[in-house]
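Below: the structure, in C-alpha cells.
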Amino acid sequence: MREGTETTGTGGEVPLVGGTANRGQVVRVGDTVRRPRRDTSAATHALLRHLADVGFAGAPRVLGVDGRGREVLSFVPGTAVTPPYPAWALTDDALVSVARLLRDYHRAVSSFDPEGHEWPPRPPAPFAGRLVTHNDVNLDNVVFRGGRAVALIDFDLASPGSRVWDVAGAARLWAPLRPDRHVGDSRRGRGLSRFRLFVDSYGLTDGDRDRLVSAVLGSHDWSYDVVGTAAANGHPAFTDYWTNGAMVRARETRQWYLDHADLLRDALA
C-alpha cells in the first residue's frame with residue numbers, strides 16, 4: 001500500500017501515487033513526505049524513532065507535523081516497485097535483497113518495546129509476539145537503489161507479531177505464492193523455488209520454518225480481511241480493488257494454499 005511514484009503537482013506539492021489506503025492524500029514536498037495521521041500514528045512514530053536511534057537506515061525518519069495536521073516524514077530516495085513491474089525487480093537478486101533487508105529490520109526492531117502504544121490490528125494468536133512486524137512488505141513498499149532493496153516504507157499496518165509472520169507475508173508476495181494463472185510475469189512457474197530462496201536468504205530457523213506454511217495462509221487471510229473490512233466500510237479505493245478481481249483472486253489463492261500445503265512444505269525441506 002505504498003505511495004511512491006511521483007506525478008505532476010502544484011504549489012510545491014508532488015502527489016505520490018501507487019498506494020491504496022491513502023490514495024490521493026500523500027505528497028512530496030522537497031525532501032519530505034506529508035501523509036494523513038491515524039489513530040495509531042503515535043505508535044508508528046515511536047517505532048520509526050527507535051529505528052533511527054539504533055542506526056537502521058532502511059526506514060523513513062519522523063520529522064513532525066505540518067500546519068495542516070499531516071505527519072511529516074523524510075523522503076526515501078530510490079525506486080519503489082509499482083506496475084508495470086520492471087524486469088530487474090523480479091530477479092532472484094532483488095528477491096534476496098528484500099529478504100536480507102527484512103532480516104536487518106527485524107534485528108533493528110528487536111530491542112523496541114511495543115507496550116503502551118495503540119497499534120493497528122495484530123497478527124492472530126499463533127503468530128503474535130513482541131516483535132513489531134511490518135505486515136505489508138508488498139512490492140510497492142520496498143525502495144530499491146541500484147537494483148538492491150534498501151528501505152521499507154509505509155509502516156501503517158506495523159504491529160507486534162513475529163519473524164515467521166513477516167517472512168510468510170513477504171515471501172507470499174515476492175515469490176509469489178499463488179496460482180500461476182494469476183502470475184503474468186517472469187516469476188510464473190517459479191513460486192516454490194523463489195519461496196525457498198527467500199526463506200534461505202532470510203535465514204529462518206528450523207522451528208519457524210515448520211510453522212511457515214500455516215503462517216502463509218494466516219497472512220493471506222489477515223491481509224484480505226483488512227482489505228475486505230475497509231471495502232465494507234466504504235473506503236473507495238479498497239472497494240474498487242476488492243470488487244474488480246481481488247475478491248475472486250483471494251478466494252482462488254486461498255484454496256490453492258490448502259490444496260498445495262504439502263508442496264509448500266516440501267519446497268522448504
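The values are calculated or read from the model by the stated rules, or taken from the named source; none is laboratory data. Note that the structure is a prediction, hence the values are computed from the model and not measured. Neighbour counts are summed over all protein chains in view; Cβ atoms, including those assigned to glycine, are modelled from backbone coordinates with ideal geometry.
What to note about this one:
- Filtered residues of the stretch 12-42 (kept if at pLDDT 85 or above, under 14 Å from residue 71 (Cα atoms) and part of a loop (DSSP other than H, G, I, E, B)): 26, 31, 36, 37, 38, 39, 40
- Within the stretch 110-137, the set of residues being buried (at least 21 other Cβ atoms within 10 Å of the Cβ) and either aromatic (Phe, Trp, Tyr) or touching a helix residue (DSSP H, G or I) at 6+ places or on another chain (Cβ under 7 Å) (or both) comprises 123, 127, 132, 133, 134, 135, 137.
- So residue 59, is it touching a helix residue (DSSP H, G or I) at 6+ places or on another chain (Cβ under 6 Å), assigned to a loop (DSSP other than H, G, I, E, B), surrounded by 15 or more Cβ atoms within 10 Å (Cβ to Cβ) and not polar (S, T, N, Q): yes
- In the stretch 92-164, counting only strands (runs of 3 or more DSSP E) that sit wholly within it, the ones holding 1 or more residues that are farther than 18 Å from residue 60 by Cα span 131-133, 159-161.
- For the stretch 147-170, a residue qualifies if it is in contact (Cβ under 8 Å) with a residue 60 or more places away in the chain and at positive phi, and exactly one does: 154.
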